[in-house]
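The values are calculated or read from the model by the stated rules, or taken from the named source; none is laboratory data. Small disclaimer: the values here were computed from a predicted structure and weren't measured. Using ideal geometry, Cβ is built from the backbone for each residue, glycine included, and neighbour counts are taken over all protein chains shown. Calculation scope for accessible area: heavy atoms of the full protein, side chains included, ligands and nucleic acids excluded. Shrake-Rupley method; radii C 1.70, N 1.55, O 1.52, S 1.80 Å.
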Amino acid sequence: MSARIVHQVASWVLSYPHDDVVQALPGLATALREQRRPTEAVRELLAVVEALAQVPAEQLRHDYVETFDLTRRHALHLSYWTEGDTRRRGEVLAAFKQVYRDSGQVVRLDGELPDHLPVVLEFAAVVDPETGTALLQKYRASLELLRIELEDDASPWAGAGRAVCATLPGASPRTRTEAMALAGPVQPVESVGLEPYDPRLLPLAEGAR
């Protein structure tokens with residue numbers, strides 16, 4: 001049960017801090033404190049929620065944009081880390097949508113791509129915990145690389161990354177190389193003419209060569 005709570009709260013925490021998210025932070029903290037046997041993931045996430053709740057809303061929004069919208073090093077789209085801007089990514093996004101359709105439930109994207117981490121976490125928490133967790137595990141490399149980048153930048157959201165990773169089996173990798181190895185064989189990169197990318201921001205697509 002604690003994994004579902006962590007996935008639900010992390011979905012909110014990693015979403016853009018609109019008014020409803022900011023107003024929900026105290027309640028999210030309460031939900032985490034009420035866990036009878038708090039796991040490492042619960043403790044990590046509670047620290048994040050409590051810290052974010054102390055930040056004025058406008059500053060929080062500014063910090064969120066600086067963290068997630070102005071750099072690809074903190075991309076919240078899971079397939080971006082593995083596919084980059086390639087034709088294959090379209091197929092992967094379609095596969096995410098098919099998983100949601102197969103659940104028989106309506107999955108709200110709210111304008112986001114289907115691989116957006118808060119969307120996947122919401123799916124795992126509310127719609128289909130087993131399938132959702134399997135999807136997170138499938139993209140464990142993306143999650144761990146995001147976590148590492150957030151930690152390196154001392155981001156207040158780093159604990160959310162650690163919390164999500166802690167709900168999955170096995171220990172987290174210590175280095176980027178170890179995290180990249182979780183993705184398996186690297187797919188060839190085929191640009192589709194989108195914005196040029198820095199190889200450092202697409203470690204799974206470029207780093208293993």
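Values as computed for the structure displayed
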| quantity | calculated |
| --- | --- |
| Principal-axis tilt of helix 87-102 within the chain, Cα atoms, nearest 10 degrees | 40 |
| Between 0 and 90°, nearest 10: helix 129-138 axis offset from the chain longest Cα axis | 40 |
| The chain: proportion of alpha-carbon pairs further apart than 32 angstrom, % | 13 |
| Residue-span extension gain [Asp63 to Tyr16] - 0.36 nm each, minus C-alpha spacing | 15.9 nm |
| Between 0 and 90°, nearest 10: helix 140-152 axis offset from the chain longest Cα axis | 70 |
| Relative contact order (%) - criterion: Cα under 8 Å, at least six apart; region: the chain | 29 |
| Burial ranking of peptide ranges 37-47, 5-15, 165-175 (average Cβ count within 10 Å, highest at the top) | 5-15, 37-47, 165-175 |
| MRE, 222 nm, helices only [DSSP H, n ≥ 4, -39500 (n - 2.57), over the chain, to nearest 500] | -16500 deg cm²/dmol |
| Highest-first arrangement of 101-114, 66-79, where packing means the average Cβ count within 10 Å | 66-79, 101-114 |
| Accessible area expressed per residue, the chain, with surrounding protein chains retained (probe 1.4 Å, Å²) | 51 |
| Pair-distance profile P(r), taking every C-alpha pair of the stretch 16-63, with 5 angstrom steps and integer % | 4, 23, 30, 20, 13, 8, 2 |
| The chain, accessible surface, carbon-and-sulfur percent (1.4 angstrom probe) | 51 |
